[in-house]
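Engineer: Mind having a look at this structure? Questions to follow.
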Amino acid sequence: MPRGLAEQLLLGQHQAPSSQVLSRTRSGTTRFQPVRQARPACVVFYSTSRDDLEAWSQIAGCALADVEPELMVMGNQDQRLTARFLPYGGTLFVNSYHTGYRGLTKQYFRAVGNRIRACVGLRGGRP
């Protein structure tokens, strides 16, 4: 039985075009749209490497690398765990550490999530 596109993406069996997001239409079908056209409330980029920041800046259409990282929490051994937040064109672009990054804690992701919620105006869940 063929899987839907969203399920393929979640399972890593299909690659989304790098400058497009998966969106759901009113009829329930899924499709890719350019980020600027889809205008999602928030886009999260995982990885803080300089190369990735440059690629994501091109996707977002704004300079994520120029944004000063904000301290979210202190990690193990006084490690400063930061994230970048940039509202641009009606979308909040977030750059945080990849979930596999060594030394991350639940507190880090809670802090990033709380900051996203505060920026996009969500109150405890889905809009």
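The values are calculated or read from the model by the stated rules, or taken from the named source; none is laboratory data. These numbers come from a predicted model, not from an experiment. Cβ coordinates were reconstructed from backbone atoms using ideal geometry, including for glycine residues, and neighbour counts include every protein chain displayed.
Engineer: From the set of residues in the range 75-104 that are among the β-branched types (Val, Ile, Thr) and surrounded by 12 or more Cβ atoms within 10 Å (Cβ to Cβ), which is farthest from residue 57 (Cα to Cα)? Step through it out loud before you land on a result.
Structural biologist: Of the range 75-104, the ones among the β-branched types (Val, Ile, Thr) are 82, 91, 94, 99.
Adding the requirement that they be surrounded by 12 or more Cβ atoms within 10 Å (Cβ to Cβ) leaves 82, 91, 94.
Numbers: 82: 18, 91: 13, 94: 11 Å.
That would be 82.
Engineer: Any residue in the range 63-80 that is in the same structural domain as residue 118 (by TED's automatic domain parsing) and assigned to a strand (DSSP E or B) sitting within a Cβ distance under 6 Å of a residue that is surrounded by fewer than 14 Cβ atoms within 10 Å (Cβ to Cβ) and not aliphatic (A, V, I, L, M)? List the pairs, counting only those 6 or more apart or interchain.
Structural biologist: Close Cβ pairs satisfying both conditions: 71/80; 73/107.
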